[in-house]
Structure formats: C-alpha cells, structure tokens
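First up is the structure itself, then whatever we jot down about it.
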Amino acid sequence: MKILVPVKRVIDYNVKARVRADGSGVDLANVKMSMNPFDEIAVEEAIRLKEKGAADEVVVVSIGVKQAQETLRTALAMGADRAILVVAAEDVGTDIEPLAVAKILKAVVDAEAPRLVIAGKQAIDNDMNATGQMLAALLGWGQATFASKLEIADDSAKVTREVDGGLQTIKVRLPAIVTADLRLNEPRYASLPNIMKAKKKPLEEKTAADYGVDVSPRLEVVSTREPEGRSAGIKVGSVDELVSKLKEAGVI
Amino acid sequence: MAVLLLGEVTSGVLNRDATAKAVAAVGALGDVTVLCAGAHAREAAAEAATIQGVAKVLVAEAPAYGHRLAEPTAALLAALAGEYEHIAAPATTDAKNVMPRVAALLDVMVIPEVSKVIDAATFERPVYAGNAIQTVRSRDGKKVITLRTASFEAAGTGGAAPVGEATLADDPGLSSWLSDEVAASDRPELTSAKRVVSGGRALGSKEQFALIEALADKLGAAVGASRAAVDSGYAPNDWQVGQTGKVVAPELYVAVGISGAIQHLAGMKDSKVIVAINKDEEAPIFQIADYGLVGDLFTVVPELTGKV
Ligand SMILES: Cc1cc2nc3c(=O)[nH]c(=O)nc-3n(C[C@H](O)[C@H](O)[C@H](O)COP(=O)(O)OP(=O)(O)OC[C@H]3O[C@@H](n4cnc5c(N)ncnc54)[C@H](O)[C@@H]3O)c2cc1C
Ligand SMILES: Nc1ncnc2c1ncn2[C@@H]1O[C@H](COP(=O)(O)O)[C@@H](O)[C@H]1O
C-alpha cells in the first residue's frame, strides 16, 4: 500500500505572527518557517504504518513556494521515501487555498494511486481545517478527520476521532482520507545520518500548471488586522482580594 | 436570498445554543432554513422551529444521517443547496467535518470560523491562532461558511417556523459508525457556559485535576484544560481549549497552572474576565489576565474553592 502525505510549510508554531502595519497581511519575511505540526504527525503515522508492514511506500507532497523543498527534506529525513514539490506561488505571502490544494492533490492521487492519504487536520497559518475533507469530496472517497487512532485492516481503516462530545470510532473503506489530530502520535526527530540520507532521496519538481489547476483565490483577502488587545490587568495579593475583585466585577 | 443552515443535532437532540448562535449570525443574510438531519431528527426540528428568526425547518430523518458521518450529510446538503446563496453551520467538530466537503462538491471555497458577517460576501475570520483577523470577500456564487459560536449571541425563543420534509439524498456508503465514547456530565457545556475553570500541566495527575473540578462545581462552571493536560491524560480531549480545541468566551475564565501559549490563548482570550493562577510571575498568561494571582495552585485553589 502506498500512502500519500501532504505537508505544508508554515510559520513555526513558536513564532507569534505579526500583522503588517498597512493591513496587507502577516509579515513572513525573515520569520522561522517549519513543517505544519499536524503534518509532522501525519508523516510519523505513515512511517509507522510502513515500519509495521502495513504500507510499502510513503510519498510526501507540498504545494507552495520553492522553499517548501526544505519541508519535504524534513519529511524525507523522518523516513518518507520520495517527495513531490508543486510550485504554485512565488511569494511566501501567497497562500494557496484548500480548494486549489485539493485539486492539485487530486491530480497527484490520480497519478500516484495511493490507498491512503494522511493529511494534517489543520494548517496553523490559515486555520482552515478543510483540505482533507475537500480532497475526499473531489475523489469521492470516504474521510476520517481529527484522528487520534488509526488501524488498517484489509480493505478499511478503523479510526478514532476527536469530536466535541468526546471520541467517535468509525470504519472507512479504503481508499480514504484521514486527517491527523494532535494525539495520534508523537513525531520523531530526524537523526543526523537520516538528514544526510534524505538529501539523496528523490524530490520531483512540478508546477500547478503541470496539473492544469487554476490556483487563483476564490476568497479575496480585503485586509488583515490585529485582534482587539486586552487592557493590562492587575495582580492580586491574596485569595481574599481575588474573591472581592470578582464580586465587584459581578462575575461570581 | 436565502440561507440553509445545518442545525447541530447529536443523537436526535438539538444543540440549541450552537444552532441559535449560528441563526443569529446569519440572520441579516436572508430567510434562514434550518436543516435537522439524523436517524431521529423530528424532535430536534420541532425545537429548531422555536428559535427566533428561523423562517423554515427541514427534517431529514434516515439511518444514514444517524452519526453525522460526513459523506451522507455532505451529499444531502449539496443536493439541497440549489436555491440557497449561503450554506452555513455552527463551527462544531461535526460541521467542520462536513462543510468543507459540501463546499468542494459545489466547487466553492469554504469560509471557516467566521467571527463577523459584514455583508453577503464579506466575512471576518481569525487566522494564525487568532493573532490576526482577516476580512475576506468571496468571489463564489455560493458561500459555504461555519460560524464561530463564541463570537455571537444566541437568537431568542418564541419562533414558530413551519417544519417540512427534506428530499433525501443517496448515501455514498463510504464509512460506517462503530462506537462513541461520551462522558455524561451534569456540568454546563464548555462552549455555552458562563464560567469556565481550566487546568494545565501543573495539575500533575488526573487525581489532582479534581481540584479544578471542585472549584468549577462550586462556581457552577464548565471545566476546560490545556493541551498539555489532555495529552498527559489528566483531562479528556473534549475539554481542550485553544486553537485546535474549543473556543470559549465566558463571563469568567479561570486559568490554573496554564502558562498561556498562543495556542491556548486562541481559545479563550475573548472571555470577559480572565483570572490566572500561576506560580511563575513571568508566565505569559498574566499578560492577558484581568486578575493574576501568583502562587502555588495546590494551596490557592482549595482556599478559593472554600471562599466562593
Ligand atoms: C499545532 C499545535 C496546536 C496546539 N493547540 C493547543 C490548544 O488547542 N490548546 C492548548 O492549550 N494548547 C495547544 N497547544 C500546546 C501549546 O503550545 C502549549 O504547549 C500548551 O498550551 C501548554 O500547556 P500548559 O500551559 O498546561 O503547560 P505548560 O506550558 O507546561 O505550563 C504549566 C504552567 O503551570 C505553572 N505551574 C507549575 N506548577 C505550578 C503550581 N504548583 N502552581 C501554579 N502554577 C504552576 C508553570 O509556571 C507553567 O506556567 C498546541 C500546540 C501545537 C504545536
Ligand atoms: N499548500 C499545501 N501543501 C501541502 N499540503 C497542504 C497544503 N495546504 C494544506 N495542506 C494539507 O492539508 C492539511 C489541512 O490544511 P488546511 O485545510 O489549509 O487547514 C494540512 O495539514 C496539510 O496536510
């Protein structure tokens, strides 16, 4: 079984995004970029399935600017076998929307014929939480989103999902799309020898045009602003003072 | 101009709070038809009909809709979409599972977690864990949106909308339900509670997390948790507050032993009054807290529980 894992290059999760003063977006110049944390989890899961013998090849794909090759190299160093970079933007500030990403991924799936796609649940930059579901729709496949546990049987996957009420377990027929939630696994760090080895693994470069996908956005970003700030509060010296402040504020 | 809104129905019961908030959010966009889908959805539909501002309710009752599996529900919404300009839902995990699939079936973008409706095509939504607010204008003919419930007041009661039958769509039969693990609780529901008490990694164990629950029960509050507390098994996953957990905006939010990572703040910084209890006076949570108390939670929390 081949597994395809889409990985996105995003602002590092430790960095606080800064809005440009002119409202034109978030400043990404000279900002540390990393693999989307959910995608690290997705890559880890795919590699574990391969290590268990449930999969024989893990292919990673990233869509965006050329620098996304670094992200793909990271995935290769973790243990993925092969990578595909789809260049679809020139400027780091250009985000490709989930619908366009899903269309490109559909074309990649048509060419690669994986039986399972494991995506992240959400990209931590645009917070869309949409690509996996959209890809499933375009392919006419079943989907198991927000996965915290995944087991592969012959022709199906048993997936435990994190939902508002707790946990739900479903069975989805393969081929299918799974999206990874935080507690699916703890991703490994790539070792130095594996980082060296990853440099020699195949990384194929394509463009959005190769797949005939129009990536022009459906949602025009009119402006980007900072959220309303909170005015600085006070420190209280004791539980009694806290209780009286909360009574004054009318919240207890 | 009309809106089709997916009501939040779980095991036959309408989540009135989430649905009524979504109804209020889209009220200005046109007549709102609420769709209640489920293996049992008739009672939920009758309840949805009483939400102020609902023009019509549609029931889709069939076993296939029983567990809110994405494929049949998305197929149903896509089939019904024809006459509506907006297809909306509260941004619950169920809707976040379904709505992007609906959007792709209609070849439009989804607009997730809308926090403000500006006009029929223009919406505000938080991005980058709430560190930026984007205004987006849709170029699509149909707009598929989910609404961040914490940003809207719930529509009132007293409506009396007519209830009709939806034309059912075929079940693609791609997935099936196996089981649910749901903890029943008498506490208020996290996303609609007026007060929330949350605990972090500092609680140290599931047993000690009971300190948070005792304070919450004294305050009539819901219980929340940081990711670290959930990852460590001190609290169940559905208590997680944050960028990828639940978004809450209660009148009172008490953060105990939580450092205040941006991903946690993303889920609670719109609360009216924030209290932080942390032994590290430099903890970032204090930068957004209205009232900060520096101290050891293991002495402070029991004292507080005794005094409120
Ligand atoms: C992709 C991604 C998504 C994420 N999503 C979320 C999310 O939705 N929600 C979320 O919460 N996090 C999320 N996180 C995790 C987040 O980055 C932090 O790691 C997490 O919030 C930390 O939890 P914490 O504050 O409980 O633990 P810590 O950061 O370890 O903080 C513990 C705090 O307790 C204090 N403390 C210790 N002992 C005591 C004591 N005895 N008395 C009082 N105070 C004490 C310490 O001073 C410290 O400030 C996400 C991370 C990633 C990468
Ligand atoms: N540009 C991209 N390149 C590769 N994968 C992506 C891209 N955008 C989104 N994805 C995948 O889709 C998931 C969800 O992203 P989103 O729908 O944007 O929140 C991510 O975690 C990735 O697995």
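Out of B:164, B:159, B:220, B:199, I need the residue that is within 16 Å of ligand 1 (Cβ to nearest atom) and either hydrophobic (A, V, I, L, M, F, W, C) or modelled with pLDDT of 95 or more (or both). Which one? Please lay out each step first, then the result.
Details: B:164 fails: within 16 Å of ligand 1 (Cβ to nearest atom); B:159 fails: within 16 Å of ligand 1 (Cβ to nearest atom); B:220 fails: within 16 Å of ligand 1 (Cβ to nearest atom).
Answer to the check: B:199.
Anything in region A:69-113 that is among the hydrophobic types (A, V, I, L, M, F, W, C), assigned to a helix (DSSP H, G or I) and within 28 Å of residue B:99 (Cα to Cα)? List them, or say none. Answer for region A:69-113, where residues must be among the hydrophobic types (A, V, I, L, M, F, W, C), assigned to a helix (DSSP H, G or I) and within 28 Å of residue B:99 (Cα to Cα): A:99, A:100, A:101, A:102, A:104, A:105, A:107, A:108, A:109, A:111.
Taking region B:24-128 as the region of interest, the helices (runs of 4 or more DSSP H) fully inside it that hold 3 or more residues being touching a residue at least 60 places away in the same chain (Cβ under 8 Å) and buried (at least 21 other Cβ atoms within 10 Å of the Cβ) are B:70-80, B:93-105. On inspection, residue B:197 passes the criterion of being more than 9 Å from chain A (Cβ to nearest Cβ), among the hydrophobic types (A, V, I, L, M, F, W, C), away from ligand 2 (no atom under 16 Å from the Cβ) and out of contact with any His (no Cβ under 6 Å at 6 or more places or on another chain).
Determine whether residue A:197 is touching a residue at least 40 places away in the same chain (Cβ under 8 Å), part of a loop (DSSP other than H, G, I, E, B) and either more than 20 Å from the chain's Cα centre (by Cα) or at the interface with chain B (Cβ under 10 Å from one of its Cβ atoms) (or both). Steps first, answer last, please.
Values: touching a residue at least 40 places away in the same chain (Cβ under 8 Å): yes; part of a loop (DSSP other than H, G, I, E, B): no; either more than 20 Å from the chain's Cα centre (by Cα) or at the interface with chain B (Cβ under 10 Å from one of its Cβ atoms) (or both): yes.
Considered against the rule, which asks whether it is touching a residue at least 40 places away in the same chain (Cβ under 8 Å), part of a loop (DSSP other than H, G, I, E, B) and either more than 20 Å from the chain's Cα centre (by Cα) or at the interface with chain B (Cβ under 10 Å from one of its Cβ atoms) (or both), residue A:197 comes out as no.
Among the candidates A:147, A:190, single out the residue that is under 16 Å from the mean Cα position of the chain (by Cα) and either away from ligand 1 (no atom under 16 Å from the Cβ) or assigned to a strand (DSSP E or B) (or both). Lay out the reasoning, then the answer.
On the way: A:190 fails: under 16 Å from the mean Cα position of the chain (by Cα).
Exactly one residue qualifies, and that residue is A:147.
Looking across region B:173-194 at every residue that is buried (at least 17 other Cβ atoms within 10 Å of the Cβ) and not β-branched (Val, Ile, Thr), the one that is farthest from the other protein chains (Cβ to nearest Cβ) is identified as B:188.
This table checks each residue for (1) away from chain B (no Cβ under 14 Å); (2) over 18 Å from residue A:1 (Cα atoms); (3) away from ligand 2 (no atom under 12 Å from the Cβ).
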{"position": "A:45", "(1), (2), (3)": "yes, no, no"}
{"position": "A:55", "(1), (2), (3)": "yes, no, yes"}
{"position": "A:77", "(1), (2), (3)": "yes, yes, yes"}
{"position": "A:83", "(1), (2), (3)": "yes, no, no"}
{"position": "A:101", "(1), (2), (3)": "no, yes, no"}
{"position": "A:132", "(1), (2), (3)": "no, yes, no"}
{"position": "A:145", "(1), (2), (3)": "no, yes, no"}
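The condition (being at the interface with another protein chain (Cβ under 9 Å from one of its Cβ atoms) and either out of contact with any strand residue (DSSP E or B) (no Cβ under 9 Å at 6 or more places or on another chain) or surrounded by 22 or more Cβ atoms within 10 Å (Cβ to Cβ) (or both)) is satisfied by just one residue among A:169, A:160: A:160. From the list B:304, B:293, the one residue that fits, being within 11 Å of another protein chain (Cβ to nearest Cβ), in a helix (DSSP H, G or I) and away from ligand 2 (no atom under 16 Å from the Cβ), is B:304.
The values are calculated or read from the model by the stated rules, or taken from the named source; none is laboratory data. For clarity, every value in this text was computed on a predicted model and none was experimentally measured. As a convention, Cβ positions derive from the backbone with ideal geometry for all residues, glycine included, and neighbour counts pool all protein chains shown.
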